[in-house]
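Input: a single structure, listed below in structure tokens.
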Amino acid sequence: QVQLEESGGGSVQAGGSLTLTCAASGSIESIPVIAWYRQGPGRQRELVAQIASGGLTMIEDFVRDRFAITRDNTKGLVHLQMNGLKPEDTGVYYCAADLEDGLEWGLGTQVTVSS
């Protein structure tokens, strides 16, 4: 069973950038999809972006022009590059791996964007 650990969160001003990293305990080559979700204060957890093992990406409309997702199968890393951050991007960001028996989640990393 793979374990995931997120890092790279922090506090930035609006317009700033952060790069989040999801590090897996083992190989991610066989994991078909790895995704980033977020949960803002008082809001439900929502999908932000996902990437397939072959590199195909899907980024939600509300961040498509500002965020990018990349994956390094050999290093077991998935990155979420976030530019032009807005206060509404504030929340806990989670990495999730789509495994045979369901999603495996990391513990999350906090992102706070001030206006």
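The values are calculated or read from the model by the stated rules, or taken from the named source; none is laboratory data. Everything numeric here is computed off the predicted structure, so don't read it as measured data. For the accessible areas, the whole protein counts, side chains as well, though only heavy atoms, and no ligand, DNA or RNA atoms are used. Shrake-Rupley method; radii C 1.70, N 1.55, O 1.52, S 1.80 Å.
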Rounded to a whole %, the carbon-and-sulfur portion of the accessible area of the chain at a 1.4 Å probe is 47
Taking a probe of 1.4 Å, how large is the accessible area per residue of the chain, in Å²? 52
Can you work out ³J(HN,Hα) from phi for every residue in the range 11-25, in order, using Karplus 6.51 cos²θ - 1.76 cosθ + 1.60 and θ = phi - 60°, giving whole Hz and x for Gly and Pro? 10, 9, 8, 3, x, x, 10, 9, 10, 8, 10, 10, 10, 9, 6
For Val92, solvent-accessible area (1.4 Å; no DNA, RNA or ligand), Å²: 40
So how much accessible area does Leu47 have, in Å² to the nearest 10, using a 1.4 Å probe? 40
Roughly speaking, what is the stretch gain from Asn83 to Ser27, that is 0.36 nm per residue apart minus the C-alpha to C-alpha distance, in nm to one decimal? 17.4 nm
In Å, the C-alpha Rg and Dmax of the range 48-96 are 11.3, 34
